[in-house]
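Written out below as C-alpha cells is the structure these notes cover.
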Amino acid sequence: MELVTPSIGLVFWTVIAFVCLLILLKKFAWKPILTAIHDREQSIDEALNKAELAKVEMARLTTQNEELLKSARAERDHILKEAKTLKDSIINEAKTQAHTEGAKLIEKAKIEIENQKKAALFELKSQVSTLSIDIAERVLRAQLEDKAKQEDLVANLLKDVELN
C-alpha cells in the first residue's frame with residue numbers, strides 16, 4: 001500500500017511545483033491565452049453580426065428582386081398588350097386599305113369596260129355607217145345607170161325638198 005499512498009514530502013513538492021507552474025502560466029501564458037480567447041470571442045460575435053446583417057440584406061434584396069420581377073412582368077404584359085393592339089390596328093388598317101384599293105380597282109375596271117364598250121359601239125357604228133354608205137352607193141349606182149331612173153329620183157328629191 002505504500003505505493004498507493006504518497007508521502008508528505010512528495011505532496012509538498014508536487015504542490016510547490018504546481019503553484020510555480022501556475023505562477024509561470026499566469027505571468028507568461030495566461031494573458032495571451034485569455035487575449036486569444038477574447039479575440040476569438042469578438043471575431044465570432046462580429047461574424048454572427050455580419051451573418052445577421054447579411055441575412056437581413058439578403059431578405060431585402062430578395063424582396064427588391066421580387067418587386068423588380070413583378071414590375072418587369074407587368075411591363076412585359078403591358079408591352080405585349082400594346083403590341084397586340086398595334087398589330088390588330090395595323091391588320092384592320094391593311095384590310096380597310098385593301099378593301100378601298102379593291103373598290104377603286106373594281107371601279108376603274110368598270111370605267112375601262114364602259115370605255116371599251118363605248119369605243120366598240122363607236123367602231124361598230126362607224127363600220128355600219130361605212131357599210132351602209134357602200135351599200136347605198138352600190139344601190140344608187142345600180143339605179144342611176146338608167147337615165148330615166150335618175151330623172152325620176154331627182155324629181156322625187158325635189159318634191160321632198162319643197163315639202164320640207
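Read-outs throughout are calculated quantities, based only on the coordinates presented, and are distinct from any laboratory measurement. Small disclaimer: the values here were computed from a predicted structure and weren't measured. In this analysis, Cβ positions are derived from the backbone assuming ideal geometry, glycine residues included, and neighbour counts consider all displayed protein chains.
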Rounded tilt (10° steps) of 31-144 against the dominant C-alpha axis of the chain: 10
Helix axis angle, 147-163 relative to the chain longest principal axis, alpha carbon, degrees: 70
Principal-axis tilt of helix 8-24 within the chain, Cα atoms, nearest 10 degrees: 40
Nearest-20 debye value, the chain charge dipole, Cβ charges on Lys, Arg, Asp, Glu: 820
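Using a Förster radius of 35 Å, what is the FRET efficiency between K117 and L140 based on their Cβ-Cβ separation? Nearest 0.05, please.
On the way: r = 34 Å, r/R0 = 0.96.
Once rounded, the FRET efficiency stands at 0.55.
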